[in-house]
Amino acid sequence: MKHEELIMFTVVGVSFSPPPTAFDVVVPRDDTTLFTGYLKVLPAVVDIVDFEGGEYDHPGASRTVKLSDGGSFREQIVRFERPGGTAPDAAGHFDYDVSAFTGILGGIVSDGVARWTYAHGSTGRTHITWTYGYRPLPGRRFIMKHLIGPLWMRYMRRGMAACLRAIVEARRESKAAAAAAFSSPSGPDLP
């Protein structure tokens, strides 16, 4: 049986926070708040269950993602590197393989890959690249590439925008907490 090639999709976003901050906000995110479906064609993430390997923060850890259409898929981390881990300017990586599709996608694709990179941009900025690839089942390449693909790209753009908003919100919350600490009658808590 011929093994179909992945059909790849990529979106890029720019955060005005440094890579470690962007990574720390997006990677442990609640996917149900970021991936909310698209046009009732692409299902929303409604739950994450069946964690294996402890916390979902190292290669080998896996989980099952439940979708609003009743389908699901399995994610397994293959690379988890926080930005600056190996060198001050080293990019961060959050890569996982996707398998065991059920529901609508189970009849179209066999597996997939997701690759997130958090690279240093100009001072204090992060270039976030999200690449997602689906391997269509035999005879499903046209459906995946030309019918679902354009919708998936829109969905990815919306997902990236939600990630960038989450980073901005986390930055606001951090600044508000710092301001509150300095404005308290006793001043900031210092060691």
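The values are calculated or read from the model by the stated rules, or taken from the named source; none is laboratory data. Here the structure is a predicted model, which means the values were calculated and not measured. Using ideal geometry, Cβ is built from the backbone for each residue, glycine included, and neighbour counts are taken over all protein chains shown.
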Subject >> Subset of the stretch 48-69 that is in contact with a Ser or Thr (Cβ under 8 Å, 6 or more places away or on another chain) and at positive phi - its residue that is modelled with the lowest pLDDT >> reply: Gly53
Subject >> Total residues in the stretch 70-99, condition modelled with pLDDT under 95, touching a Pro at 6+ places or on another chain (Cβ under 7 Å) and of a type in the set (Val, Ile, Thr) >> reply: 0
**OP:** Identify, by number, the condition in (1) in contact (Cβ under 8 Å) with a residue 12 or more places away in the chain; (2) more than 15 Å from Gly13 (Cα to Cα) that Thr86 doesn't meet.
**Re:** (1)
Subject >> Subset of the stretch 33-66 that is touching a helix residue (DSSP H, G or I) at 6+ places or on another chain (Cβ under 6 Å) and touching a residue at least 24 places away in the same chain (Cβ under 8 Å) - its residue that is nearest to Arg165 (Cα to Cα) >> reply: Leu34
Original post:
Can you pull out the residues in the stretch 108-147 that are in a strand (DSSP E or B) and among the small types (Gly, Ala, Ser)?
Top reply: Ser110, Gly112, Ala114, Ala119, Gly133
**OP:** Only residues that are crowded, with 20+ Cβ neighbours inside 10 Å and of a type outside the set (Val, Ile, Thr): list them for the stretch 94-115, please.
**Re:** Phe94, Tyr96, Phe101, Leu105, Gly112
Original post:
Considering the stretch 82-127 alone, what residues qualify as being of a type in the set (Val, Ile, Thr) and in contact with a helix residue (DSSP H, G or I) (Cβ under 7 Å, 6 or more places away or on another chain)?
Top reply: Ile108, Val109, Thr126
Original post:
Picking from Thr21, Thr86, which residue would you name as being more than 29 Å from Pro150 (Cα to Cα) and crowded, with 18+ Cβ neighbours inside 10 Å?
Top reply: Thr21
Original post:
From the set of residues in the stretch 24-43 that are hydrophobic (A, V, I, L, M, F, W, C) and modelled with pLDDT of 90 or more, which is surrounded by the most Cβ atoms within 10 Å (Cβ to Cβ)?
Top reply: Val26
